[in-house]
Amino acid sequence: MKTNNMNRQVCYNVQTAVDTKNHLIVAHEVTNTTDNGQLGLVATLAQKAVGRKDITVLADKGYYSRSDIKTVLDSGAVALVPKGDTSGAERKGLYNRSMFRYNREKDVYVCPIGNELQNRFTSIEDGLEQQLYFNNIACRDCSQRSRCTTSKREPRRIRRWVHEAEMEEMHARLESFPQAVVMRKQTVEHPFGTIKMWMGATHFLMRKFKMSVRK
Ligand code: SF4
């Protein structure tokens, strides 16, 4: 399977759902794909295992898939999955999409220098219904154009999934619960630490912190 750095290795990927109270694995599945796309499957297994739908599914950004998160939300669970920047815009010196603010009342995106990009049309991309926002006139002679798009002729376009509001609500929930990231690490990594210790990887337990000596 492909691993994180896109190398291929002879291996499997084990997905686990761990409860935050006892740190017990409540559901697991062995797959041979990366984490992306596995959220819905693991959430369903966890719901079956605990016999209820209204669970909170907390995962890292490797699981961020909008359609997967929507599946989890539609199943009756609450999802908390942070979004990483996968566009690479910032690395290329371009304005990141997160710098464009959505104005719900006017149904426009406001660009980093304050111009409004209007909702122009809807298209299906990668199986998702997306609304495209842009402003031909504002972008044409904009002094910031080179920071916004690499295209010589096309304006900067912002895509909005028709269910994007549910993703925004999830991000707001995450912002109001900043401990979520730490809680996830402490919970899902704990059983792996225990399993590795059972398998004999105890050498780190033999190392000590350097003691400071008082004079
Ligand atoms: S190019 Fe268009 S979207 Fe980008 S900053 Fe200028 S006006 Fe705004």
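Sort ILE69, ILE124 by Cβ crowding within 10 Å, fewest neighbours at the top.
ILE124, ILE69
If you take the C-alpha gyration tensor of the chain, multiply each eigenvalue by 5 and take the square root, what semi-axes do you get, largest first, in whole Å?
40, 23, 18
Over its Cα atoms, what ratio of radius of gyration to 2.2 N^0.38 Å does segment 90-162 give?
It is 1.07.
Based on the Kirkwood radius over alpha-carbon pairs, what is the Stokes-Einstein translational diffusion coefficient of segment 18-143 at 10 °C with 1.306 mPa s viscosity, in µm²/s?
91
Ordered by residue, what ³J(HN,Hα) values in Hz, to whole numbers, does segment 52-66 give under the Karplus form 6.51 cos²θ - 1.76 cosθ + 1.60, where θ = phi - 60° and Gly and Pro are x?
8, 8, 7, 9, 9, 9, 10, 9, 8, 5, x, 9, 6, 9, 4
Note down the nm distance, to one decimal, between modelled labels 7 Å out along Cα→Cβ at GLU168 and at VAL181.
2.3
Before rounding to the nearest 500, sum -39500 (n - 2.57) across all DSSP H runs of length at least 4 in the chain and divide by the residue total; then give [θ] at 222 nm in deg cm²/dmol.
-8500 deg cm²/dmol, from helical runs alone.
Among MET197, MET99, MET167, determine the one that fluctuates most according to a GNM of the chain built with springs between C-alpha atoms less than 10 Å apart.
Among MET197, MET99, MET167, the largest mean-square fluctuation in the Gaussian network model of the chain belongs to MET197.
On a full-extension model of 0.36 nm per residue, what is the gain between TRP198 and LYS152, subtracting their alpha-carbon distance, rounded to one decimal in nm?
This chain segment gains 10.7 nm when fully extended.
Relative contact order, percent, of the chain when contacts are C-alpha pairs under 8 Å separated by at least 6 residues?
Relative contact order for the chain comes out at 15 percent.
No lab work stands behind these numbers, since they all come straight from the coordinates. Since the model is a prediction, treat every value here as computed from it, not as a measurement. Every residue, glycine among them, receives a Cβ derived from its backbone with ideal geometry; neighbour counts consider all protein chains shown.
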